[in-house]
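Read through the structure below, which is laid out as structure tokens, and then see the notes.
The values are calculated or read from the model by the stated rules, or taken from the named source; none is laboratory data. In this text, all values refer to a predicted model and were calculated from it rather than measured experimentally. Neighbour counts run over all protein chains shown; Cβ positions are idealised from the backbone, glycine included. Quick note on the areas: whole protein, heavy atoms, side chains included, nothing else; ligands and nucleic acids left out. Shrake-Rupley method; radii C 1.70, N 1.55, O 1.52, S 1.80 Å.
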Amino acid sequence: MIPFLDLGAAYREIKPEIDAAVQRVLDSGWYILGPEVEAFEEEWAEYCGAEHAVGLANGLDALVLALRALDVGTGDEVIVPSNTYIATWLAVSAVGATPVPVEPDPATHNIDPDRIEAAMTERTKAILPVHLYGQPADLDPILKLARARGVAVVEDAAQAHGARYKGKRIGAHGDIVCWSFYPGKNLGALGDAGAVTTNNPDLADRIRVLRNYGSRVKYVNEVQGGNSRLDPVQAAALRVKLVYLEEWTSRRSAIADFYLKGLADTDLILPHVPDWADPAWHLFVVRSARRESLQTQLAKANIGTLIHYPIPPHMQEAYAKMGLAADALPLAQQLADEVLSLPIGPQLPLDDARAVVATFFQKIEL
């Protein structure tokens, strides 16, 4: 069996270091925020090329608190990709604003910068691009438009740890960059965890207050905040894994390169990488009009695959009140019908990647 992703493999590779880091926290007696979280925040900010990082409980909270820090709320609109995981939309809804979907560039699956301005109104408060699959969105035209219109840019980088846009790591291009460290991410914790990075000290400070009941001094509450604090155990594990992130990204890239070459003679639509992008290869997503039969036959060959994502946000029951039909956002619907994610990860043996490629030629008629 070739699993889509073996979560335990990363732990097994560096088990003694993870175990020691967790034990360090348990021995410290400091279980909420504290020095372990602060050390990770400093290290993550430095890695991302940002001035500040704030550790949070999960990636969705990162998006929500980023929007709250920017005073996005009821009556406001936020530009979002039509093709994304629903968390991007949920964050906008959580602050009382309205998600306004924009279709993707069909080559990269990321939001199409050329379509954004037409979707903006006087109520637009922010643009929320997603670096989907670990492929950087085209930020320069988005940032230029946002600055011209006086709106914020909040990046959803939940899948883009280590990705580079025009040579610079994702982490400080927009006003705030939001991260998930869900276990399956390129930099994954042992449970839920998240963060934001930013070069704006005021935004970083606001999010630190919002994550801790609206308080910076115990029992003194400045605003109506919540509880979204990065756990020290997760911070300790992330500090260990961060040391390996570049090496693990290189391994992902090697597998992606192998797939791109090995599958070039099939009729699959393979990932397109612009010359300005260095993806993190969180996912390797192909497209096929025969996706269901392809996935079934791969399963028969004991190859695990996943679909990211089978139902676009506008077709979820959660957004039924928007009243959008499937053909209202045809590119998002087409991608949902055709995408298939192949196994990829830093612990995936190259022989397994060879077996995946071989299966397309030996057992599957495309």
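A few remarks follow.
- Within the set R216, R164, the sole residue that is more than 22 Å from D76 (Cβ to Cβ) and without any contact (Cβ under 8 Å) to a residue 40 or more places away in the chain turns out to be R216.
- Checking A91 against (1) part of a loop (DSSP other than H, G, I, E, B); (2) closer than 28 Å to F284 by Cα, the condition it does not meet: (1)
- Taken as a whole, region 201-212 holds at least one residue that is surrounded by fewer than 24 Cβ atoms within 10 Å (Cβ to Cβ), in contact with a Ser or Thr (Cβ under 7 Å, 6 or more places away or on another chain), in contact (Cβ under 8 Å) with a residue 40 or more places away in the chain and not in a strand (DSSP E or B).
- The residues on offer are V243, V233, V196, and the sole one that is closer than 28 Å to P346 by Cα and surrounded by 24 or more Cβ atoms within 10 Å (Cβ to Cβ) is V196.
- Taking first residues from region 44-71 that are closer than 14 Å to A157 by Cα and of a type outside the set (D, E, K, R) and partners that are open to solvent by 40 Å² or more (accessible area, probe 1.4 Å) and part of a helix (DSSP H, G or I), the Cβ contacts under 7 Å between residues at least 6 apart in sequence or on separate chains come to L60/L90; V64/A94.
- Residue in region 143-176 that is most open to solvent (accessible area, probe 1.4 Å), counting only those that are of a type in the set (A, V, I, L, M, F, W, C), touching a His at 6+ places or on another chain (Cβ under 9 Å) and not in a loop (DSSP other than H, G, I, E, B): L143
For (1) part of a strand (DSSP E or B); (2) touching a Lys or Arg at 6+ places or on another chain (Cβ under 9 Å); (3) open to solvent by less than 50 Å² (accessible area, probe 1.4 Å); (4) closer than 12 Å to Q234 by Cα, each residue gets a yes or a no:
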position: I18; (1), (2), (3), (4): no, yes, yes, yes
position: V22; (1), (2), (3), (4): no, no, yes, yes
position: E36; (1), (2), (3), (4): no, yes, yes, yes
position: F40; (1), (2), (3), (4): no, yes, yes, yes
position: Y47; (1), (2), (3), (4): no, yes, yes, no
position: V54; (1), (2), (3), (4): yes, yes, yes, no
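- Restricting region 71-84 to residues that are crowded, with 22+ Cβ neighbours inside 10 Å and not polar (S, T, N, Q) leaves a set whose member that is farthest from N200 (Cα to Cα) is P81.
- Residue, nearest to the chain's Cα centre (by Cα), within region 286-335, restricted to residues that are basic (K, R) and either assigned to a loop (DSSP other than H, G, I, E, B) or under 30 Å from R169 (Cα atoms) (or both): R287
- Residue ID - nearest to D351 (Cα to Cα), chosen from residues in region 250-265 that are open to solvent by less than 10 Å² (accessible area, probe 1.4 Å) and among the hydrophobic types (A, V, I, L, M, F, W, C): I255
- Residue match in region 267-285 (condition: at pLDDT 95 or above and part of a helix (DSSP H, G or I)): no
- Of all residue pairs spaced 6 or more apart or on separate chains, those with beta-carbon atoms under 8 Å, a first member in region 167-180 that is farther than 15 Å from D140 by Cβ and a second member that is at pLDDT 95 or above and charged (D, E, K, R) are I176/E155; V177/E155; C178/E155; C178/D156.
- Residues located in region 308-335, provided they are of a type in the set (G, A, S) and either open to solvent by less than 40 Å² (accessible area, probe 1.4 Å) or touching a helix residue (DSSP H, G or I) at 6+ places or on another chain (Cβ under 8 Å) (or both): A318, A326, A328, A332
- Sole residue being under 17 Å from the mean Cα position of the chain (by Cα), closer than 20 Å to N83 by Cα, at pLDDT 95 or above and surrounded by 20 or more Cβ atoms within 10 Å (Cβ to Cβ), chosen from L128, L187: L128
- Residue pairs meeting the criteria (Cβ under 9 Å; at least 6 apart or on separate chains; first within 17 Å of L340 (Cβ to Cβ) and in contact (Cβ under 8 Å) with a residue 40 or more places away in the chain, in region 269-283; second outside any loop (DSSP other than H, G, I, E, B) and open to solvent by 40 Å² or more (accessible area, probe 1.4 Å)): P271/L260; L283/L306
- Considering (1) crowded, with 18+ Cβ neighbours inside 10 Å; (2) among the small types (G, A, S); (3) farther than 29 Å from V285 by Cα, the lone condition that G96 does not fulfil carries the number (1).
- Which listed residue, of R12, R68, is among the basic types (K, R), at pLDDT 95 or above, closer than 22 Å to N199 by Cα and out of contact with any Asp or Glu (no Cβ under 7 Å at 6 or more places or on another chain): R68
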